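Notes follow the structure.
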Amino acid sequence: MQSSETVSTRLERIADLANRKPDTALTSLAHHIDIEWLREAWRRTRKDGAPGIDGVTAREYEQDLESNLQGLLNRAKSGRYRAPAVRRVHIPKGKGSETRPLGIPTLEDKVLQRAVAMVLGTVYEQDFMPCSYGFRPGRSAHQALDAIWQGVMGFGRAWVLEVDIRRFFDALDHKHLQAILRQRVRDGVLLRLIGKWLKAGVLESGSISYPDSGTPQGGVISPLLANVYLHEVLDKWIKERVAPQLRGPVRLIRYADDFILIFRDEQDARRVYGQLPRRFDEYGLQLHPDKTKLVEFHQPPFRRRERPRVSFDFLGFTHYWGKSNKGGWIVKRRTMSSRVTRSLQAIRIWCRAHRHDPLHIQHRVLSQKVRGHYGYYGIIGNSRCLKAFLDEVRRIWIKWLARRCWKSRLFWTRAEKLLARYPLPPVRIRHAYRPS
């Protein structure tokens, strides 16, 4: 506890310094990283993650923790630390065969990345804008959803620019990133470590490659670097250069590399739509031509035949206009169909693999999965999708229980008794949104 309090005090001093010198590049930050700082970084590091290329687990590393942390500190400060290659795996991304590459650093690398992220994150938290919600303390995806709701409802008639950056974490330009970092941080130790992580190899299919761009998703430092990059490329550009030249207001809501722009004026929306590709091209980024689109997101007319209903997707939800209980038009959200499909597919695979486990174990795990789904998608107006999800989970569970043996037959009369004995959690709304 004493270590955490000491680190907390130093974090406050770093924040105060960065806040008092907003336009100054800070040159002395690495001295804050000492053995107590690494202990706190170790405490904040997840211990149940998959091991990196060295195969070292948290339990093994902890057996001689003080010696390991002291050795890590000495190598980091002296410049002898060598960033190990990142083990890359691929996870499904939406529909079809498209996947998302995920990097898995070694445990020791995670600890050091966490220590550096604690310093840099404190500095940049004084610079980041309210429109940024991803991977920041005290901010969440649900706050971003609330900002969208209030932004569209406040405009009434809105134009929504839904933007997707093509393979952002793979395309992030190292030279631009390092130049952006030097505008705010000029500590040689920290910049040298970041440079090593950017140049670290990637182990995939038994061979190591050294990409000249990108930062692997899964690294502790990667979300912070992404926020720093897009803070300069997008957030400041919109606020300082774009917004003052527009006829009407604009609202930017960004969660890591996902963002939307909400306009009141159509001409403003089309103007920025044309400028975005050129701006991103300057920094080595490209917009996905099929997933980037401008949506005329207006309240439906009294006669629905006059104009088809429109919607847009963001942060796992489909946003659309619907009638409230009082009869007025409001923005509603439902779970994106692709997210439902992906979640059910994961549950289907699990039920098939674990159908022979004891029922109480299956029930406990499935209940955790269902509660986790409610934990994110349980928002007002989404009850119908949650109920359909729960019904499908029950059906999948019963289906694979019926296939425990080729001779067994599980009729619905028995299935209903089983579900009564092992009920899955009922639909629950976890998040409510109200205009401020």
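The values are calculated or read from the model by the stated rules, or taken from the named source; none is laboratory data. All figures in this text were calculated on a predicted structure; none of them were measured in a lab. Cβ sites come from the backbone with ideal geometry, for glycine too, and all protein chains shown count toward neighbours. Side chains included, ligands, DNA and RNA excluded: accessible areas come from the protein's heavy atoms. Shrake-Rupley method; radii C 1.70, N 1.55, O 1.52, S 1.80 Å.
With the biggest extent put first, the Cα atoms of region 219-312 measure 51, 31, 20 Å across the principal axes.
Cross-link reach is defined here as a Cα-Cα straight distance under 17 Å, omitting same-chain residues fewer than 8 places apart; for K417 the aspartates and glutamates meeting it are D391. Here's the picture: charge each Lys and Arg Cβ at +1 and each Asp and Glu Cβ at -1 in region 103-252, and of V233, P105, G219 the one pushed furthest to the positive end of that dipole is V233.
Per residue, the convex hull spanned by the alpha carbons of region 8-126 comes to 141 Å³. Pairs exceeding 25 Å between alpha-carbon atoms, taken from K77/K110; K175/K196; K291/K387; K332/K399; K369/K399; K323/K387: K291/K387; K332/K399. Counting only Cβ charges, +1 for Lys and Arg and -1 for Asp and Glu, the dipole size of region 50-175 around its Cα centre is about 340 debye.
Which FRET efficiency value, to the nearest 0.05, do you get for H31 and H90 by plugging their Cβ-Cβ distance into 1/(1 + (r/R0)^6) with R0 = 30 Å? The value I calculate is 0.15. Y376 contributes about 60 Å² of solvent-accessible surface, heavy atoms of the protein only, 1.4 Å probe.
What does the helix-only formula give at 222 nm for the chain: each DSSP H stretch with n ≥ 4 adding -39500 (n - 2.57), the total divided by the residues, and the result rounded to the nearest 500 deg cm²/dmol? Mean residue ellipticity at 222 nm (helix-derived): -14500 deg cm²/dmol.
Under the membrane-span-like helix rule (DSSP H runs whose alpha carbons stretch at least 18 Å along the helix axis, mean Kyte-Doolittle hydropathy 0.0 or higher), the chain yields 107-124, 141-155, 383-401.
Convex hull volume of the Cα atoms of the chain, normalised per residue: 196 Å³. Taking only the alpha-carbon positions of region 68-160 and ignoring solvent, what does the Debye formula give for the base-10 log of I(q)/I(0) at q = 0.10 Å⁻¹? These q points yield log10 I(q)/I(0) values of -0.51. Of all aspartates and glutamates in the structure, those lying under 17 Å Cα to Cα from K21, and not within fewer than 8 positions of it along the same chain, are E12, E125, D127, D187. Only protein heavy atoms count here; under a 1.4 Å probe, F389 has an accessible surface of about 0 Å².
Comparing T24, M118, G49 along the charge dipole axis of region 1-149, the residue lying farthest to the positive side is G49, per the Cβ-charge model. Separation of region 238-296 and region 152-230 by C-alpha centroid, Å? Each part reduced to its Cα centre gives a spacing of 20 Å.
Annotation: per residue accessible area for the chain equals 52 Å², rounded to a whole number [probe 1.4 Å, protein chains only]. Between Q267 and R13, the distance separating the two model label sites (each 7 Å from Cα on the Cα→Cβ line) works out to 5.5 nm.
For the peptides 58-68, 225-235, the ranking by packing is 225-235, 58-68, with the highest mean count of neighbouring Cβ atoms within 10 Å listed first.
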